Amino acid sequence: MNDASLREFAMRYTAAWCSQQATSVAAHFAEQGSLTINAGVPAVGREAIAASAQAFMTAFPDLVVAMDSLVGSGAHSVYHWTLIGTNTGPGGTGRAVRIHGYEEWTIGTDGLIASSLGHYDEAEYARQVQAGVRTR
């Protein structure tokens, strides 16, 4: 995948996260692609990836993901993002969250994500969910 195609792909992926359609996020992954968040148990396959995305979308009904940067090219790149939302889903605290993270992507020959290793500061996330921060 060339740099322009990869950037367009990342922009579509960002829009999918903002769509509140978890299956749109999962569609950016290969059929048996995987998403691992903070060295947790990998979500393997589109159904599991959609469930993982849905958990964030449910917790943050006003979820917005912004693409901060895209580093690298070809089969290996790093997608940096900012998640902004209010934890008003079921059992939510009502607190605003603004957290930065990144995903290390391996892009398959089909042009989809074969593997994504996601990272964000879990302690900072927990602090914000409990204490809240300004989103603007």
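The values are calculated or read from the model by the stated rules, or taken from the named source; none is laboratory data. Every value quoted in this text rests on a predicted model; they were computed, and no experiment measured them. Positions of Cβ are backbone-derived with ideal geometry, glycine not excepted, and every protein chain shown enters the neighbour counts.
Quick notes on this structure:
- Annotation: of all residues in segment 53-109 being in a loop (DSSP other than H, G, I, E, B) and among the charged types (D, E, K, R), the one that is farthest from Arg127 (Cα to Cα) is Asp62.
Results for (1) closer than 14 Å to Trp105 by Cα; (2) at pLDDT below 95, shown as yes or no for each residue.
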| site | (1), (2) |
| --- | --- |
| Asn2 | no, yes |
| Val44 | no, no |
| Ala50 | no, no |
| Leu63 | no, no |
| Val78 | yes, no |
| Thr82 | no, no |
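- Neighbours by Cβ (under 9 Å, 6+ apart or cross-chain): first from segment 95-120, touching a residue at least 24 places away in the same chain (Cβ under 8 Å) and more than 13 Å from Glu31 (Cβ to Cβ); second surrounded by fewer than 16 Cβ atoms within 10 Å (Cβ to Cβ) and of a type in the set (Asp, Glu): Ile99/Asp121; Ile99/Glu124; His100/Asp68; His100/Asp121; His100/Glu124; Tyr102/Asp68
- Filter pass, Ser34 being in a strand (DSSP E or B), closer than 21 Å to Asp110 by Cβ and either polar (S, T, N, Q) or at pLDDT 95 or above (or both): yes
Residue-wise test of (1) closer than 20 Å to Phe9 by Cβ; (2) of a type in the set (Lys, Arg); (3) surrounded by 15 or more Cβ atoms within 10 Å (Cβ to Cβ).
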| site | (1), (2), (3) |
| --- | --- |
| Ala30 | yes, no, yes |
| Ala51 | no, no, no |
| Thr109 | yes, no, no |
| Ala126 | no, no, no |
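- Flag if Gln32 is more than 17 Å from Glu124 (Cα to Cα), over 14 Å from the mean Cα position of the chain (by Cα) and not charged (D, E, K, R): yes
- Criterion violated by Thr82 - all others in (1) farther than 29 Å from Val129 by Cα; (2) in contact with a strand residue (DSSP E or B) (Cβ under 7 Å, 6 or more places away or on another chain); (3) free of Cβ contacts under 8 Å to residues at least 60 places away in the same chain; (4) of a type in the set (Ser, Thr, Tyr) satisfied: (1)
- Hey, Ser69 hydroxyl-bearing (Ser, Thr, Tyr) and either surrounded by 15 or more Cβ atoms within 10 Å (Cβ to Cβ) or at pLDDT below 95 (or both) or not: no
- Among (1) touching a strand residue (DSSP E or B) at 6+ places or on another chain (Cβ under 7 Å); (2) surrounded by fewer than 18 Cβ atoms within 10 Å (Cβ to Cβ), the one test that Val41 misses: (1)
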